[in-house]
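Notes for the one structure printed next.
The numbers here are math on the coordinates, done by the rules we state, and not lab data. Values in this document were obtained by computation on a predicted structure and should not be read as measured data. Heads up, the Cβs are rebuilt from the backbone with ideal geometry, glycines too, and the neighbour counts pull from every protein chain shown.
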Amino acid sequence: MKIKDIVRLAALFLQLDVNEEVFKKDADTAFVEAEFNSDKRLKLLKDCTDFVLNQLATDYLPLKKTERVFSEDGTIPYGEFSRDMLEAVEVKDKFGNSVRFSHLPDGLFVKVKGETEVTYFYRPEEKSFFDEAETGNCRVSARVTALGVAAEYCFVCGLFEEAQLWDGRYKDSLKIALRKKGAMSVKARRWF
């Protein structure tokens, strides 16, 4: 799902009168930027989209990445990683064995020196209007994300009653999207 699809749905939910030409596939980049500069509501919707995607990644659906990094003294600075690390999940040495680690204020301390493979959760980068959203999970649709964007937009604009309505719909939709789907079984019962 693209950022512009989420913004379009949120504008539709909120019944905002925005220029529909911005959301067309063949829209010129210069035209879109000019429209963003002239219509502050679009920029606010885009900022709310970044916030909701960040919230999804930190609270509900963590984005996971694995990287190989080298450590001379057992300390790996957070700047060595290509993404903004939230939490390390697992560290393995060059032989594939799990290694104990701990978080420091400025980096990660591992019990081995040399090459390690670090798996970690990260925060998504800020995206442009035409980029794909990072959700890490295809179950959360553009509609669910747009409900969250509508809630944040109303909070920012001071429309607290509407914000509660949209936030409730967002949380309910998110709960349904994240629900584990699988075969259900009913325990066998005995008749006496």
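Angle of helix 40-55 to the longest C-alpha principal axis of the chain, folded into 0 to 90 degrees and rounded to 10: 30°.
Cross-link partners of K24 among lysines, defined as those whose alpha carbon lies under 23 angstrom from its own and excluding same-chain residues fewer than eight positions apart: K2, K4, K40, K43, K46, K127.
Of the chymotrypsin sites (Phe, Trp or Tyr not before Pro) found in region 89-129, the ones in coil according to DSSP and having at most 14 other Cβ atoms within 10 Å of their Cβ are F95. When each of the peptides 82-94, 37-49 is scored by the mean number of other C-beta atoms lying within 10 Å of its residues, the order from highest to lowest reads 37-49, 82-94. For the chain, rounded, prolate or oblate, judged on the Cα gyration tensor with a ≥ b ≥ c (square roots of eigenvalues), a/c < 1.5 rounded, else prolate if a/b > b/c? Judged from the Cα gyration tensor, the chain comes out oblate (a/c at least 1.5, b/c at or above a/b). Compared with the dominant principal axis of the Cα atoms in the chain, helix 160-178 is inclined by about 50°. Of all the options L14, L174, L165, the one that moves most in a Gaussian network model of the chain with Cα springs shorter than 10 angstrom is L165. Between V149, V69, V18, the Gaussian network model of the chain with springs among Cα atoms under 10 angstrom shows the greatest mean-square fluctuation at V69. For the Cα atoms of the chain, what angle does the longest principal axis make with the long axis of helix 142-157, in degrees from 0 to 90, nearest 10? Long axis of 142-157 versus the principal axis of the chain: about 70 degrees.
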